[in-house]
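Peer 1: Pasting a structure here, questions to come.
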Amino acid sequence: MGLDVEKTLTRIDEMHAENKFWEQPMWQGLIQGTLSLPMVKEFARQHGIIPLHNHNYHGRLYVNCPDPKWREMIAEVVYEEGTGRLYADGVAHNELYYRFGEGVGVSRNEMIGARYCPGALAFKAYFSGMCEKTFLEGVSCHMLAAEAQGPGYFSSIAEHLKKNFDLSDEQVAFWTVHDVADEDHSGIGRELLEEFAHEEADFQLVLQVVRETIDMMNLLTADTWRVMQEAA
């Protein structure tokens, strides 16, 4: 039996379930609130490779979209990331992240000038490159793989940050907002898959990209965890 949209989405769900990112030491420590402050500070620096460089990701995906109707949908995602006016009371997502960093003692200048680990740099290069390949590949990488992991776990991270490090609601808003926003983004990705994947080769390509992206995210996590342990 060949692949179709439903079978492809089922396999993607299975990939995420098999990956169990929430069991990785870094994410487990954040979700359970067991990390030291120096470790969380280093995490804030390294994880900034995603929210502080998001224009390199969503922006490329928008420019590369061939269909005006779907480009409008991507534009809404870009608009939210850049302005926060859909989910974040008008606060851009990079600003939300700066506030998180400041809450744990990492200044904006430190985050802007962060010395990223090799895993973070490799992830940025891969993610940027995928978002400017074919639109189907970009959607699969960004929305079906990367943004499908967070929803359901970020609120727990926020609660432990508040409890352990006395952060305010404003300082953990990056995490609570992304429990909603990333779920919405990944949903848009699924709709786009229904529109742009039609043949067996398309579905196979989607699965390959999702697998590669999960592997790259694991590389980012593993190398970030390494430098976090060195900072402990």
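Peer 1: What's the extension gain from Trp22 to Asp67 if we count 0.36 nm per residue and subtract their Cα-Cα distance?
Peer 2: 12.7 nm
Peer 1: Put +1 on the Cβ of every Lys and Arg and -1 on every Asp and Glu Cβ in the chain; which of Ala145, Leu193, Gln229 then has its Cα farthest towards the positive end of the dipole?
Peer 2: Going by the charge dipole, the pick is Gln229.
Peer 1: Moving on to the next point. Using a Gaussian network model of the chain with C-alpha springs under 10 Å, which one of Leu207, Leu37, Leu220 is most mobile by mean-square fluctuation?
Peer 2: Residue with maximal mean-square fluctuation among Leu207, Leu37, Leu220: Leu37.
Peer 1: If each DSSP helix of 4+ residues adds -39,500 (n - 2.57) and the sum is divided by the residues in the chain, what number results at 222 nm, nearest 500 deg cm²/dmol?
Peer 2: Details: 12 runs with 159 residues, N = 232.
It lands at -22000 deg cm²/dmol.
Peer 1: When the label point is put 7 Å from the Cα of His55 along its Cα-to-beta-carbon vector, which residues of region 72-96 have a backbone N closer than 11 Å?
Peer 2: Counting only backbone N, you get 82.
Peer 1: Can I ask one more? Evaluate the charge dipole of region 58-160 about its Cα centre and quote only its size in Debye, nearest 20, assuming +1 on the Cβ of each Lys and Arg and -1 on the Cβ of each Asp and Glu. Working shown, then result.
Peer 2: Values: 9 positive and 13 negative charges, 63 e Å.
Value, rounded to 20: 300 debye.
Peer 1: Counting alpha carbon pairs within less than 8 Å and at least 6 residues apart, what relative contact order, in whole percent, applies to the chain? Write down the numbers at each step before the final one.
Peer 2: Working: 294 pairs, mean separation 76.4, N = 232.
Value for the chain: 33 percent.
Peer 1: For the cross-link pairs Lys20/Lys163; Lys41/Lys133; Lys7/Lys69; Lys20/Lys69; Lys41/Lys163, which exceed 27 Å when the distance is taken from alpha carbon to alpha carbon? Mind showing how you got there, number by number?
Peer 2: On the way: Lys20/Lys163 25 Å; Lys41/Lys133 34 Å; Lys7/Lys69 25 Å; Lys20/Lys69 34 Å; Lys41/Lys163 16 Å.
Pairs exceeding the cut-off: Lys41/Lys133; Lys20/Lys69.
Peer 1: Next up: Just to be sure I understand: with springs between alpha-carbon atoms less than 10 Å apart, which residue in Ala75, Ala88, Ala17 has the highest mean-square fluctuation in the Gaussian network model of the chain?
Peer 2: Sorting by GNM fluctuation, first place goes to Ala17.
Peer 1: Now for a separate question. With r defined as the distance between the Cβ atoms of Asp89 and Glu191 and R0 fixed at 30 Å, what FRET efficiency is calculated, to the nearest 0.05?
Peer 2: On the way: r = 26 Å, r/R0 = 0.87.
For Asp89 and Glu191, the calculated efficiency is 0.70.
Peer 1: Specify the residue with the greatest mean-square fluctuation among Met216, Met26, Met73, computed from a Gaussian network of the chain linking alpha-carbon atoms under 10 Å apart.
Peer 2: Met73
Peer 1: Let me ask something additional. So, R0 is 41 Å and r is the distance between the beta-carbons of Glu200 and Leu121; what FRET efficiency does that work out to, to 0.05?
Peer 2: Working: r = 35 Å, r/R0 = 0.85.
Using R0 = 41 Å, I get an efficiency of 0.70.
Laboratory data are not the source of any read-out in this text; all were calculated from the coordinates shown. Since the structure is predicted, the reported quantities are computational estimates derived from the model, not experimental observations. All Cβ positions, glycine included, derive from the backbone under ideal geometry; neighbour counts span all protein chains shown.
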